[in-house]
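The values are calculated or read from the model by the stated rules, or taken from the named source; none is laboratory data. Every value quoted in this text rests on a predicted model; they were computed, and no experiment measured them. A quick note on method: Cβ atoms are made from the backbone with ideal geometry, for glycine too, and the neighbour counts reach across all protein chains shown. In case anyone asks, the SASA skips ligands and DNA or RNA and just uses the protein heavy atoms, side chains included. Shrake-Rupley method; radii C 1.70, N 1.55, O 1.52, S 1.80 Å.
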Amino acid sequence: MSISPNVAEVAALLGETSRATILTSLMDGRFHTASELAYIAAIKPQTASFHLSKLVDGNLVIVEKHGRHRYYQLANEEIARILESFLAISPPPEVRSLKQSRQMKLLQNARTCYDHLAGKLGVELTEAMLAAGYLEKEAQEFTVTTTGEQFFTDFGIDLVELRGKRRSFSHACLDWSERHHHLAGALGNGLLKKFLTLGWITQDPSIRAVTITDKGKIGFKKTFQIEIK
């Protein structure tokens, strides 16, 4: 009897194109209906429901029922991290339209990875905080320095609250488009929420892309010395 983890079942779930599309769409960290995911994956709602049922049974996706409606979300941050790693080693998708080309550029520039910033902006932000001495990288984790403790506090980030959450605090997530690590975990999520509150960024409701506002360009330049054109 084999004692090895049965990864074949998970691999089979990821190996179907429509399911893979649904999973990557759910990497925005939000809840979506089967109809929304069917539209994104270009399949019939009934087909999407079939695939979602398999993903729920495989513990990759969770579902919440509200009245007659069902809403789906990735099971947890760890699933998003694994998917991001798969994307990092996957060949780039074939671009077949101007719309797809535009969306890819937007995603590569700035996007959400579950509940934290990713893409060029996410990586540049992380590298800026490392260069400023707010963070230090140790293997697959970032640690907040004494200087960083003061910076985040002054910036309005409650580190005590974030450390109290039952999740990773500040792990390194491999960015699929930049091939470098960006900050994830509770601290990464805290920064994303802060940038949204400040109006530095806005989220695209249809894809995972994040738009940097004029106010954000000024803020990122002044606070993190990130030049955004």
| query | What are the lysines whose alpha-carbon lies under 29 Å from the alpha-carbon of residue 222, with same-chain residues fewer than 8 places away excluded? | reply | 105, 120, 137, 193, 194
| task | Round to the nearest 0.05 the FRET efficiency obtained for residue 132 and residue 10 when R0 = 41 Å and r is the Cβ-Cβ distance. | result | 0.60
| request: Would you tally the net charge around residue 19, using a Cβ to Cβ cut-off of less than 13 Å, leaving residue 19 out, and scoring K and R as +1, D and E as -1? | output: -2
| Residues of the stretch 1-152: accessible area per residue at 1.4 Å, in Å²? | 58
| Within a Cβ distance under 14 Å of residue 73, other residues only, what is the Lys/Arg minus Asp/Glu net charge? | -2
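Could you give the size of the charge dipole of the chain about its Cα centre, using +1 on the Cβ of each K and R and -1 on the Cβ of each D and E, expressed in debye and rounded to the nearest 20? Display every interim value, and only then the final one.
On the way: 28 positive and 25 negative charges, 169 e Å.
Approximately 820 debye in magnitude.
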| query | Which order do peptides 207-214, 221-228 fall in by mean Cβ count within 10 Å, highest first? | reply | 207-214, 221-228
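If I compute solvent accessible area with a 1.4 Å probe over the protein chains, what percent of it on the stretch 125-226 is carbon and sulfur? It would help to have the intermediate numbers written out before the result.
On the way: 2630 of 5120 Å².
Ligands and nucleic acids excluded, carbon and sulfur give 51 percent.
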| message | If the elastic network links every pair of Cα atoms under 10 Å, which of 139, 131, 48 fluctuates the most in the Gaussian network model of the chain? | response | 139
| field | Gained length - residue 104 relative to residue 62, 0.36 nm times residue gap less alpha-carbon distance | value | 12.4 nm
